Amino acid sequence: MSQIPLGLIALLIGVPMILIVIWLTYMVHVYTEKAEALMPNSIFVEANKKTFSHAGLLGKSVRNGFLTMVLLTPALTAKRGLVDVADVQNFPSGFKRMLVASWGLNFLFCVALIVFGSYLKAIE
């Protein structure tokens, strides 16, 4: 296969992924505390703040990602007593969509990049 189509495919995966990572960095920096403030009765918020507050932006990323996972699976975390179901139900839907879409797109493009890299290794 010619190198030009392979480069274009890499460009179509790489550029959006870089833009999403820039957006995630901004979102994590600005919205993590706001999202955690919307869940005052959840135990995991305080535990995550205590554990990851000294890790800077990387710690905020972990806290934000975990918060997003909790919003995606409230039943599992409610069974363990980590989250108050009322907090999850009262969480603004637009905010929740923003978190889930951002992390979901990042995951999707990471998987696409891994698959494309595996394909490149296979054709060598």
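Bear in mind these aren't lab numbers, they're just calculated from the coordinates by the rules spelled out. Quick caveat: nothing in here was measured; it's all calculated off a predicted structure. In this analysis, Cβ positions are derived from the backbone assuming ideal geometry, glycine residues included, and neighbour counts consider all displayed protein chains.
Among the candidates Val100, Val88, Val83, which residue alone is closer than 21 Å to Val30 by Cβ, β-branched (Val, Ile, Thr) and surrounded by 13 or more Cβ atoms within 10 Å (Cβ to Cβ)? Talk me through it step by step, then tell me what you get.
Details: Val88 fails: closer than 21 Å to Val30 by Cβ; Val83 fails: closer than 21 Å to Val30 by Cβ.
Going through Val100, Val88, Val83 in turn, just one is closer than 21 Å to Val30 by Cβ, β-branched (Val, Ile, Thr) and surrounded by 13 or more Cβ atoms within 10 Å (Cβ to Cβ): Val100.
Got at least one residue in segment 29-40 being exposed (fewer than 15 other Cβ atoms within 10 Å of the Cβ) and over 17 Å from the mean Cα position of the chain (by Cα)? Working first, answer last.
Residues of segment 29-40 that are exposed (fewer than 15 other Cβ atoms within 10 Å of the Cβ), as a first pass: 29-30, 33-34, 37, 40.
Going one step further and asking which of them are over 17 Å from the mean Cα position of the chain (by Cα), we end up with 37, 40.
Within segment 29-40 (the criterion being exposed (fewer than 15 other Cβ atoms within 10 Å of the Cβ) and over 17 Å from the mean Cα position of the chain (by Cα)), the answer is yes, since at least one residue qualifies.
Just one of Val62, Val115, Val88 is among the hydrophobic types (A, V, I, L, M, F, W, C) and touching a Phe, Trp or Tyr at 6+ places or on another chain (Cβ under 6 Å); which is it?
On the way: Val115 fails: touching a Phe, Trp or Tyr at 6+ places or on another chain (Cβ under 6 Å); Val88 fails: touching a Phe, Trp or Tyr at 6+ places or on another chain (Cβ under 6 Å).
Val62 is the lone residue from the list that is among the hydrophobic types (A, V, I, L, M, F, W, C) and touching a Phe, Trp or Tyr at 6+ places or on another chain (Cβ under 6 Å).
Condition first: among the polar types (S, T, N, Q) and either in contact with a helix residue (DSSP H, G or I) (Cβ under 9 Å, 6 or more places away or on another chain) or at positive phi (or both). Now tell me which residues in segment 34-88 satisfy that. Break it down stepwise before answering.
Taking segment 34-88 first, the residues among the polar types (S, T, N, Q) are 41-42, 48, 51, 53, 61, 64, 68, 73, 77.
Asn41, Ser42, Asn48, Thr51, Ser53, Ser61, Asn64, Thr68, Thr77 - these are the residues of segment 34-88 that are among the polar types (S, T, N, Q) and either in contact with a helix residue (DSSP H, G or I) (Cβ under 9 Å, 6 or more places away or on another chain) or at positive phi (or both).
Among (1) within 20 Å of the chain's Cα centre (by Cα); (2) under 30 Å from Leu12 (Cβ atoms); (3) surrounded by 11 or more Cβ atoms within 10 Å (Cβ to Cβ), which single condition is Gly94 missing?
Every condition holds for Gly94 apart from (3).
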